[in-house]
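Q: Here you go, one structure.
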Amino acid sequence: MAKHPIGLFGRKEDAQIHALRDAVAEAGGEPLLFQMQLDDAGAPPISIGAGAMSWEGVDFGPMRGLYIRGMAPNALPSLPPVLNAAMHAEWRHRYVRDQQYQAAAYSFFSALQAQGKLVVNPLETYAHHNSKAQFYERMRAEGFDVPSTLTTNDPEQARAFARRWGKVVVKPGIGVGSTRILRDDQMELLNEIVLSPTTMQEYIAGKTHRVHVVGDTVVLALKILNDEIDSRTETRGFEFAKLPAEEERKLVRANRSLGLHFAAWDVLVSASGRYSYLDCNPGPYLMWIGPENVRAVFGGLARYLIAFAETGSVAEASKRVEPFTPSAGS
């Protein structure tokens, strides 16, 4: 029986893409790696037209399952300080070129979805990680627990929020970045947020759990071992965690509500048992969680992709994914 080709998009030198490639091969698929970097030096040849799709010369007609590691613009939309007109023109050229490739890539994957193929995950879903204010408001509106959050460039609104909660954290409103407690001696610095909106949240004492969801299954939940507000700071390791069944069902529902097939969630678990959603990453970095855990997560994702390629059904693909049970001594 012929192996089903599975397209994997990312930087071809990325160890994480290689790990997923190995998982797909072990699960019985044929992994094909494609360059996702869209800068001037590495932009791949792309063709879209009359239903025919190719990337780096490969015909995507037979391909039914694809994974995108991630994609972000290479040129910032706002211009930096410049010294002369030539530098201004060069930066503007980079931005326009970048937008052209972004539009072509978006069109490519959207067209594949329109043909009934599985894209893990659609490019538009990366907005949930890259624009946090709407993510928190959407989760709150749909009944999921998120910390009380304010994103603002108004210093007075920020101070009022800090006074209301007494202790708040400050974090970036896009992608990754440090999360820190706002100290009393930093209150005057809030005047500077007029230059850029800042996200603030109520402080909730607890431990952050990294929860990996594939299809309709929580494959792996790990408690992050550290003593800092930012769970990525001075991390000592991970401890396997089993979430209550009701919380797992909520996470699966949240994942599906965002149009995701695979994601890693940061969930804050308080001492009182409150589960609050901090972040959702549709193209998460996994290599920090250890080889056994990486194999568990990517093994589930590989089976999901291959099962869809075989059946054309998300429901059937979800049945192939099982939760990970750590080995003795893990």
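The values are calculated or read from the model by the stated rules, or taken from the named source; none is laboratory data. The model shown is predicted, which means the values in this text are computed figures rather than measured ones. Glycine also receives a Cβ, built like all others from the backbone with ideal geometry; neighbour counts cover every protein chain displayed.
Q: Can you say whether SER272 is among the hydroxyl-bearing types (Ser, Thr, Tyr) and at pLDDT below 95, as far as the supplied structure shows? Show your work before the answer.
A: On the way: among the hydroxyl-bearing types (Ser, Thr, Tyr): yes; at pLDDT below 95: yes.
Criteria met by SER272.
Q: Taking the options ARG97, ARG92, name whichever one is in contact with a Leu (Cβ under 8 Å, 6 or more places away or on another chain), surrounded by fewer than 17 Cβ atoms within 10 Å (Cβ to Cβ), touching a residue at least 12 places away in the same chain (Cβ under 8 Å) and not assigned by TED's automatic domain parsing to the domain that holds TYR285. Explain how you work it out, then say what you get.
A: Details: ARG97 fails: in contact with a Leu (Cβ under 8 Å, 6 or more places away or on another chain).
None of the other options fit; the residue is ARG92.
Q: Would you be able to say whether some residue in the stretch 85-100 is modelled with pLDDT of 90 or more and within 23 Å of PRO44 (Cβ to Cβ)? Write out each step before concluding.
A: Residues of the stretch 85-100 modelled with pLDDT of 90 or more: none.
No; the residues of the stretch 85-100 include none that is modelled with pLDDT of 90 or more and within 23 Å of PRO44 (Cβ to Cβ).
Q: Which strands (runs of 3 or more DSSP E) sit wholly inside the stretch 220-318 and have at least 1 residues that are in contact with a helix residue (DSSP H, G or I) (Cβ under 9 Å, 6 or more places away or on another chain) and of a type in the set (Ser, Thr, Tyr)? Don't jump to the end; show me each part of the working.
A: Values: elements: 237-241, 262-270, 275-281.
Where strands (runs of 3 or more DSSP E) fall fully within the stretch 220-318 and carry at least 1 residues being in contact with a helix residue (DSSP H, G or I) (Cβ under 9 Å, 6 or more places away or on another chain) and of a type in the set (Ser, Thr, Tyr), they are 275-281.
Q: Okay, moving on. Take the residues in the stretch 124-145 that are out of contact with any Gly (no Cβ under 6 Å at 6 or more places or on another chain) and surrounded by 18 or more Cβ atoms within 10 Å (Cβ to Cβ), then tell me which one is farthest from LEU278 (Cα to Cα).
A: TYR126
Q: Continuing with this model, one more query. If you check GLU247 against the conditions, is it more than 28 Å from VAL24 (Cβ to Cβ), outside the structural domain of GLN113 (by TED's automatic domain parsing) and without any contact (Cβ under 8 Å) to a residue 40 or more places away in the chain? Please lay out each step first, then the result.
A: On the way: more than 28 Å from VAL24 (Cβ to Cβ): yes; outside the structural domain of GLN113 (by TED's automatic domain parsing): yes; without any contact (Cβ under 8 Å) to a residue 40 or more places away in the chain: yes.
Against the criterion (more than 28 Å from VAL24 (Cβ to Cβ), outside the structural domain of GLN113 (by TED's automatic domain parsing) and without any contact (Cβ under 8 Å) to a residue 40 or more places away in the chain), GLU247 qualifies.
Q: Quick one: how many residues across the stretch 7-64 are within 30 Å of ALA296 (Cα to Cα), part of a strand (DSSP E or B) and either aliphatic (A, V, I, L, M) or within 24 Å of the chain's Cα centre (by Cα) (or both)?
A: The qualifying residues number 11.
Q: Let me ask something else about it. Within the stretch 299-330, work out how many residues are surrounded by fewer than 21 Cβ atoms within 10 Å (Cβ to Cβ), hydroxyl-bearing (Ser, Thr, Tyr) and under 21 Å from the mean Cα position of the chain (by Cα).
A: 1
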